[in-house]
There are 2 protein chains.
Amino acid sequence: MKYHKIPDETIRRMPLYVRALALLEQEGQETISSRQLAERLRLNPPQIRKDLSYFGAFGTRGIGYPVISTARRIRAILRLDVPQKAVLVGAGRLGTAIAVYPGFSVFGLEIAAIIDNNPTKIGSRVGRLEIEHIAAAATLKARGIRLGLLAVPAEAAQGCADVLVQAGVKGLLNLAPCCLDVPKQVKVVSIDMAMALGVLPYYV
Amino acid sequence: MKYHKIPDETIRRMPLYVRALALLEQEGQETISSRQLAERLRLNPPQIRKDLSYFGAFGTRGIGYPVISTARRIRAILRLDVPQKAVLVGAGRLGTAIAVYPGFSVFGLEIAAIIDNNPTKIGSRVGRLEIEHIAAAATLKARGIRLGLLAVPAEAAQGCADVLVQAGVKGLLNLAPCCLDVPKQVKVVSIDMAMALGVLPYYV
DNA sequence: GTGGCTTTGTGAATGTGAGCACAAGCACAA
DNA sequence: TTGTGCTTGTGCTCACATTCACAAAGCCAC
């Protein structure tokens, strides 16, 4: 399949495959067919095959996909083969929950700094990280931090985003219930928990 | 526009409109045009008009949409006009962060119970709620709780989901990084923070 | 080898959503 | 009452995403 633009939806699913393959590797399974993988992830086999084929041939016909090397290739595609560092802004309850969340490491993602604007919190520790003042944003680029997570109230989110963008952050995960204005070369992904919960009553 | 199935994506955006309109009401604005609303939400005006028109005519040509009554009508469509109660499973860091999160109330959503399986936590308070044992799930239906949030480790999520479904919960917001098997009349929405962060390096 | 079984890779078809352009409609002023 | 300006509501078109169906390709047993 050549000269094909890769759908955003495909990219969105790739981390799913990475995590599933990492689990399979742990279980000692060497290969997996699109059917088995689809069963685990509640997807359709052709979708998985198509997704993977966008990046070239991964599998062996009659056998399936090699667990280890496929995981490695997807990680490389997503740039997750090198450790990616992120800064967390907001050391409130949600922020500290995220700071100690162990689920980022499968993807080679690491919360490498925590920033808050509350002077009483500066210097105290969350896990093995020390909470820093917002002025420390200036040092982010030098520390190789290019991703940011916003766990602040909606009113503060835009201001924090501006600071991070200024500091060279290229990707933002926004957990505040608001829109962000950023230069178009900065990618923003938003998670809005209340909105996600808010659609449920419609369906039930 | 008659005999039209309402797109899921439209439903997904509805809470966005509810929140924006609630804010406008607070600001004292009486009507808003699709253009103004689109500017706030970073959407296209025709998309907003189309979304709203799926449910009938809301606006006045030449003027725009009446803030208060439009908000009320959308709430009714989403069944957010009656208070909706939810049970939170998992009183860890993420769980307690969610428990005290004030952002649910715009939608008439309320965390009405917290459940954990850790005996040392039972009885202690988070906000004004007391942490209950998982056995208390049996009382959820009687208390009018039909929604559930899962803030537990991935290994525990399916078990908790089973318990909630058994207890009559009809909608689930899953925050654990895994798939859930539920009867098809139960709606599941999943939020996977690590996955959301994991796609960023690809784009930057 | 060769035949049979399994599974991939992919063009084509189908389904779903977004964006545009414009007619229809309302308010307000003259 | 009529004209002007603005905004909604919506059919149509295009783009994107999912699913299907099947040929191509590898493995294994004999």
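Throughout, read-outs are computed from the coordinates displayed, never taken from laboratory work. Bear in mind the structure is a predicted one, so any value in this text is a computation, not a measurement. Quick reminder, even Gly has a Cβ in these numbers, built from the backbone with ideal geometry, and neighbours come from all protein chains shown.
Tabulated data
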read-out: Of all residues making up segment B:106-165, the number that are within 21 Å of the chain's Cα centre (by Cα) and part of a helix (DSSP H, G or I); value: 12
read-out: Scan of segment B:172-204 for residues that are more than 7 Å from chain A (Cβ to nearest Cβ) and touching a helix residue (DSSP H, G or I) at 6+ places or on another chain (Cβ under 7 Å), ordered by number; value: B:Leu172, B:Asn174, B:Leu175, B:Ala176, B:Cys178, B:Leu180, B:Asp181, B:Val182, B:Pro183, B:Val186
read-out: Residue count, segment B:10-31 (criterion: within 8 Å of DNA strand C (Cβ to nearest atom) and either more than 17 Å from A:Cys179 (Cβ to Cβ) or outside any helix (DSSP H, G or I) (or both)); value: 1
read-out: Every residue from segment A:181-197 that is under 22 Å from A:Ile11 (Cα atoms) and assigned to a loop (DSSP other than H, G, I, E, B); value: A:Val182, A:Pro183, A:Lys184, A:Gln185, A:Val186, A:Ile191, A:Asp192
read-out: Residue within segment B:36-52 that is closer than 24 Å to A:Val204 by Cβ, within 14 Å of DNA strand C (Cβ to nearest atom) and either out of contact with any Lys or Arg (no Cβ under 8 Å at 6 or more places or on another chain) or assigned to a loop (DSSP other than H, G, I, E, B) (or both) present; value: yes
read-out: Tally of residues being more than 14 Å from every other protein chain (Cβ to nearest Cβ), assigned to a helix (DSSP H, G or I) and either within 11 Å of DNA strand D (Cβ to nearest atom) or closer than 24 Å to A:Lys5 by Cα (or both) across segment A:53-79; value: 4
read-out: Scope segment B:177-201; condition free of Cβ contacts under 8 Å to residues at least 12 places away in the same chain and surrounded by fewer than 17 Cβ atoms within 10 Å (Cβ to Cβ); matching residues; value: B:Lys184
read-out: Residues within segment B:1-39 that are closer than 14 Å to B:Phe55 by Cα and among the hydroxyl-bearing types (Ser, Thr, Tyr), tallied; value: 3
read-out: Hits in segment B:41-52 (condition: under 21 Å from the mean Cα position of the chain (by Cα), surrounded by 15 or more Cβ atoms within 10 Å (Cβ to Cβ) and either within 14 Å of chain A (Cβ to nearest Cβ) or more than 6 Å from DNA strand D (Cβ to nearest atom) (or both)); value: B:Leu41, B:Leu43, B:Ile48, B:Asp51
read-out: Pairs with Cβ under 9 Å, 6+ apart, first in segment B:41-58 and of a type in the set (S, T, N, Q), second not in a helix (DSSP H, G or I); value: B:Ser53/B:Met1; B:Ser53/B:Gly59
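Yes or no, residue by residue, for (1) surrounded by fewer than 19 Cβ atoms within 10 Å (Cβ to Cβ); (2) closer than 23 Å to A:Ile98 by Cβ; (3) touching a Lys or Arg at 6+ places or on another chain (Cβ under 6 Å):
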{"site": "B:Gly56", "(1), (2), (3)": "yes, no, no"}
{"site": "B:Ile98", "(1), (2), (3)": "no, yes, no"}
{"site": "B:Asn118", "(1), (2), (3)": "yes, yes, no"}
{"site": "B:Ile134", "(1), (2), (3)": "yes, no, no"}
